[in-house]
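What follows is one structure encoded as structure tokens, with my remarks underneath.
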Amino acid sequence: MAKKGARNKRKLEEHIPKKIEEEINEESDVETDDLLNVINNEEDADSSDSDRDIEESDGEVEDVLESATNGNDDDSDVEEEEDDADEEEDDDVNEEEDDIDDEEDDVSSVEDEENEGWTSSENEEEEDKPKNGTSLSETKSKTKSSKNKADGGSVSSLTKLVKNDDNKEDDEYKNDSSDDEDIRNTVGNIPMKWYDEYKHIGYNWDGKKILKPPQGDQLDEFLKKMEDPDFWRTVKDPQTGQDVVLSEQDIELIRRIQARRNPDAQFDEYAPWIEWFTSEVMQMPVRKFPEHKRSFLPSKSEAKKVSKLVHSLKMGWLKTLAEKEKERTKKDAMNFYMLWESDDQAEHMRRIYKHISAPKRALPGHAESYNPPAEYLFNEKEMKLWKKYEETPSKRKLHFLPQKYDSLRKVPSYSRFIKERFLRCLDLYLCPRAIKMRLTIEPEDLVPKLPSPKDLQPFPSVQSIIYEGHSDMVRCISVDKIGQYMVSGSDDTTIKIWEINTGRCVKTIPVEGIVRSVEWCPNTAINLILVAASNRVILINPNIGDYVVCEKTDELLKEAPLSDLIISDKVKTTVQWVDPTEEEYAKGFRLILKHFKEVAQVTWHGKGDYFATVMPEGANKAVLISQLSKRRSQIPLAKPKGLVQCVLFHPTRPMFFVATQRHVRVYDLLKQAMVKKLTTESKWVSKMDIHPGGDNLLVATYDRKVLWFDLDLSTKPYQTLRLHPTAVRAIAYHKRYPLFATGSDDTGVIVSHGMVYNDLLQNALIVPLKRFEEHKRVNDFGVFDVKFHPHQPWVFSSGADSTIRLHCN
Amino acid sequence: MNTENLSESQLQVKFITKQEIYAVPDVPFSVPVNINIKSLNKLLNELLKENNSNIIKSIDFDFIVLGELLRVSLVEHLEERNQSTEATIEIEYVERTQAPEPQDALLHDDWVSSIQVADKWILTGCYDNTINIWSIKGKHQAASNKHTNCVRSVSWLKKGDPTKGFVSVSHDLTAILWNWEVGTNDIQEHAILKGHERGIDTVSVSPDGTRLATGGWDTHLKIWNASLETDNDEPPSKKTKGTFVRTPLVTVKGHKETISGSMWSDDKTICTSSMDHTIKFWDAEMSSIKSEIVGQKAFLSLSWSPLNNMVLASSADRHIRLYDPRSIEGSICKSTYTSHTLWVPTVTWSQYSEHLFMSGSYDKNVKLWDTRSPKAPLFDLSGHDGKVLCVDWSNNQYLVSGGTDNNVNIFKNNNYN
């Protein structure tokens, strides 16, 4: 056990750094307890002087033994034992030499003390020491050795001493077989105190009782102690009860352990260090196996660490040296600070996040003065008022009564001071304060970035010509294909044809009925104007321009083509094709279509053969498509859903747009089916126009909106423009320039840039450019129609003030 | 502070002139920098009196500094052009253009769309389809209403010689060549020119009087024989006896929109302006485009001057632009004359000065311009009570204009004797 403990200790001592050495010492002490107990037992029996030799030869051993005799509980003493050995020994030696004379006399007293029960070990030791005569010489030799030890050779002399003892008693141990294997007692590992009552201590291999050796009384013990030179190293074997004399090796071992040295005497503590694993790169490394794979792979953990560092650098938690330096210099540079913090800024408080400082109390005014000017003192009326609000002091203007004192000395203590302070405190902590965030968004920031109108020229910018002549509001205009003439229809039941460039009214044709819609035939081979006058749709040959074309037109319309088609009753009741009377023919009328309800709109198909008419009150016969060459009408929509407002032919494809109050439905004329339904998200559609490209539709509504539909995008408007403050009545695209114009009841005509890109990915660019407000307001009506010049970036607008105006670039 | 300095500081000027009779010694003078025209005139007149004993009464001069007429004080004029006041300034002076005097107004029945003066006869075309000849004294001499639609343009066949007959074009798609016995009311239509498909807006006669060029809404430029001799191939007109139907010699296509103005620059070259934003020069013999000026706005009329070989074109955007067709770098607008407030449908060069021209506008004003003064005209000739549709300065002595107030206003030019 002791050996094992020693070995453990050695191991520990080798590997554990010095700092925790002390703790380990304690442990090792505990482990060696058994051995110490053995020794104690022996000493309990006889505190012989001979052990002094050892004690004095090595003070530490002595101390351990002392502590053990004191009851094994002084573990803490171990540390103290590491006293300066040399000094102690010198003192001891002197003492001993002095004491030699007295030692014989003190024997009896020692005995007394022993009998008393080994109370004071120190006394005992000191008194015991001289008793042993043999020890004297040894002590002397020891003193020599101790003196030698000062030179560094004490250990070797001690070992010699011990060895001499060993040589003497070698024989005794020859028969001794008290090692762990030789178990003579077969009772096993049980507490031996169970056998205290018995005479025997166990059983041997043969099953015979092992009898306890005869227990001598104290006198025997003492004698033994006196006589037996080996008594000090005799221990009792708890297994057999036999006395065992420890061999020299055992003693040496114990001593080494106690000295905290390597138990193995042969161990060379100062052997030269062999550096097996050097930092130097060797030709043939000690370890023959190749480097491990991980030594070639980048370390993940290191990468983690690096990324952490990088992240903290990025976030600004970690500063580079350069940054730190910069900050430091900055700090040094900005060394100025306010002596007092300014009043207007929030006080910086640690731990209080976003502290809202309490509102300042109003500064006292003149009324609060102890000597206020006379006007601040209450007169009778004010006093009355003051008294009137006795019950409700909150209604008072002032919360105190201004008072006048001759001097500050005469001012009494303020009776409400505590109360007011208390109320203030209540205010401060009961009334929550909050920071109100006020958004400071400049209106300019909300406006999307649009190109400057200057870059989007040409567009109409000035009013140039006013076409005057109508006597009532002009509801509709239409420009011929080459831009020479314009036709306008008015509430004065006439249509007028104007020469655009001069503003001359070339012709006036009465048509009997409010003209709600006119349109010049888009086919240049025929010269016809489609006029919707009340419930008649009239085809008029204006007889201007190329007379050859005019004549051809007349010829074309002279005779009705023979048709064997049977016209259904439904169509018959809706519309009747009538030839004009002679009188009417002279005016230019060529064909008249009598509808059963008032016609609100007429529009030509792009090729000039078909035209559509709209009768909003016509219910399920609201829309009519007529063919000029066959003089035939048909009702394309069996049941239009809602009140039809206006219709439109697609410029290139066989599509038909029908706008009801809230929706625009797109029909395919070939398939005779609805293709698309556009949701306007508004209440009442007024007009619509289609981009000449055919993919974009503009819808004007009476609820002030202008909607731009991109037919490729969705059924919802791509853009909703709220340009006008009132109902939008007219809308038109330019055929060549990226322009569109809107006219509204507020007399405003707004020309906007509406660029449609060929690139399908690019959405249309819409920029309002110019607003004209030349028209006058009549009966809350402003502008009725806008149309563009076919070639020039000029826009015409007709209004309720019975004029038509041309705006030029 | 600044103005004080200005009033004190002096400027070195030198007076030069091209008019020999008003020459002054070539000596630099010191004048205050903020000197104006009035003071300059005073100074110059005194100088003249010193040098030339013949000149007794004071003469009004206009001063040209850096190629432009002085209209403000000298220093402001220089500052506008970033010119240093350190160097000696050359001031050219010319006798001031005198204001035209209103002479007469001839009332018509309808809008006067075109006008041309030859000798003392004024030829006007009207919107009531009539052609009228007036004497310059204001006497109505002759009229004809053979056209069936408004007459858009008229022109004497020989400049200054009314005996050679005239031509009129109309929106009835025809042009008519007329014979006129000068001084009588006898107007004979000689030939009807048929071939246009839409209304004809402009007609011009070649300098030698043998060719006509017409253009109109069908965008074609047509060149016709202008002779009053009878060609045997020509079929006689069915409607009127003694007249013939004539077809165009050449039809040139090139413009994309209506031709608004035309002018022969020599016997072989026609320049035309069009609403398609271009001015084109045509070779009449080859019937091809010689050159082209591309502008920014629709042109409403043009005038070419043989004196300086420059083209004036008016447009719908209120400006009159001066182009130099010879410049190689393309259609460089030499200057822009801005004073009108509405469309300028007509502009014409003077026949005797390379600097003067007149213009009429829908803002009821006729303006007399000097090319060296682009910001302000020399004179505003007011008097019309409606849009001015046509102006003419063929007779150097008379500035005539016609408009939608049915009036022809005649102003006497006092500069030309």
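The values are calculated or read from the model by the stated rules, or taken from the named source; none is laboratory data. Because the structure is predicted, anything quoted here is derived from the model rather than measured. All Cβ positions, even for glycine, are placed from backbone atoms using ideal geometry, and neighbour counts span all protein chains on display.
When the test is whether a residue is of a type in the set (S, T, N, Q) and in contact with a helix residue (DSSP H, G or I) (Cβ under 8 Å, 6 or more places away or on another chain), residue A:543 passes it. For beta carbons closer than 8 Å, sequence separation of 6+ or different chains, a first residue in segment A:535-550 that is within 14 Å of another protein chain (Cβ to nearest Cβ) and under 16 Å from residue B:149 (Cα atoms) and a second that is among the aromatic types (Phe, Trp, Tyr) and surrounded by 20 or more Cβ atoms within 10 Å (Cβ to Cβ), the qualifying pairs are A:542/A:485; A:544/A:485; A:545/A:485; A:545/B:217. One residue alone among A:795, A:783 is in contact with a His (Cβ under 6 Å, 6 or more places away or on another chain), within 14 Å of chain B (Cβ to nearest Cβ) and of a type in the set (Val, Ile, Thr), and that residue is A:795. No other residue among A:490, A:517 is under 23 Å from residue A:608 (Cβ atoms), small (Gly, Ala, Ser) and either in contact with a strand residue (DSSP E or B) (Cβ under 8 Å, 6 or more places away or on another chain) or within 14 Å of chain B (Cβ to nearest Cβ) (or both) apart from A:517. Looking at the structure I just gave you, is residue B:175 more than 14 Å from every other protein chain (Cβ to nearest Cβ), surrounded by fewer than 22 Cβ atoms within 10 Å (Cβ to Cβ) and aliphatic (A, V, I, L, M)? When the stated conditions are applied, residue B:175 does not pass them. Within segment B:180-198, being surrounded by fewer than 24 Cβ atoms within 10 Å (Cβ to Cβ) and within 14 Å of chain A (Cβ to nearest Cβ) holds for B:192, B:194, B:195, B:197, B:198. Across segment B:353-398, which residue is surrounded by the fewest Cβ atoms within 10 Å (Cβ to Cβ) among those that are over 17 Å from residue B:105 (Cβ atoms) and within 14 Å of chain A (Cβ to nearest Cβ)? Only one residue fits best here, namely B:363.
Whenever a residue of segment A:557-576 is exposed (fewer than 12 other Cβ atoms within 10 Å of the Cβ), its partners that are outside any helix (DSSP H, G or I), lying with C-beta atoms within less than 7 angstrom and at least six residues away or across chains, give the pairs A:560/A:631; A:561/A:629; A:561/A:630; A:561/A:631; A:563/A:630; A:563/A:632; A:565/A:632; A:573/A:596. Regarding residue A:801, is this residue without any contact (Cβ under 8 Å) to a residue 60 or more places away in the chain, acidic (Asp, Glu) and away from chain B (no Cβ under 14 Å)? For residue A:801, the condition - without any contact (Cβ under 8 Å) to a residue 60 or more places away in the chain, acidic (Asp, Glu) and away from chain B (no Cβ under 14 Å) - is not met. Among the numbered conditions (1) surrounded by fewer than 23 Cβ atoms within 10 Å (Cβ to Cβ); (2) in a loop (DSSP other than H, G, I, E, B), the only one that residue A:527 does not meet is (1). The residue pairs whose first member lies in segment B:277-300 and is free of Cβ contacts under 8 Å to residues at least 12 places away in the same chain and within 14 Å of chain A (Cβ to nearest Cβ), whose second member is surrounded by 15 or more Cβ atoms within 10 Å (Cβ to Cβ) and not in a strand (DSSP E or B), and whose beta carbons are closer than 6 Å, counting only pairs six or more residues apart or on different chains, do not exist in this structure. Taking (1) of a type in the set (D, E, K, R); (2) exposed (fewer than 11 other Cβ atoms within 10 Å of the Cβ); (3) part of a helix (DSSP H, G or I) in turn, residue A:197 satisfies each apart from (3).
Looking at segment B:93-114, is at least one residue under 30 Å from residue B:149 (Cβ atoms), part of a strand (DSSP E or B) and among the polar types (S, T, N, Q)? Yes, segment B:93-114 has at least one match. Tally the residues that are in contact (Cβ under 8 Å) with a residue 40 or more places away in the chain, of a type in the set (Phe, Trp, Tyr) and under 16 Å from residue A:528 (Cβ atoms), restricting the search to segment A:595-648. So the answer is 2. Taking the conditions exactly as written (in contact with a Leu (Cβ under 6 Å, 6 or more places away or on another chain) and at pLDDT below 85), does residue A:453 satisfy them or not? Here the answer is yes, as residue A:453 does meet what is asked. Restricting attention to strands (runs of 3 or more DSSP E) lying wholly within segment B:324-417, give those where 1 or more residues are more than 17 Å from the chain's Cα centre (by Cα) and in contact (Cβ under 8 Å) with a residue 12 or more places away in the chain. Filter on segment B:324-417 gives B:333-338, B:407-412.
For the criterion of being touching a Phe, Trp or Tyr at 6+ places or on another chain (Cβ under 7 Å), within 22 Å of residue B:98 (Cα to Cα) and within 14 Å of chain A (Cβ to nearest Cβ), residue B:315 fails.
Quick check, is residue A:429 touching a helix residue (DSSP H, G or I) at 6+ places or on another chain (Cβ under 9 Å), more than 14 Å from every other protein chain (Cβ to nearest Cβ) and either farther than 30 Å from residue A:500 by Cβ or surrounded by 12 or more Cβ atoms within 10 Å (Cβ to Cβ) (or both)? It is false that residue A:429 is touching a helix residue (DSSP H, G or I) at 6+ places or on another chain (Cβ under 9 Å), more than 14 Å from every other protein chain (Cβ to nearest Cβ) and either farther than 30 Å from residue A:500 by Cβ or surrounded by 12 or more Cβ atoms within 10 Å (Cβ to Cβ) (or both).
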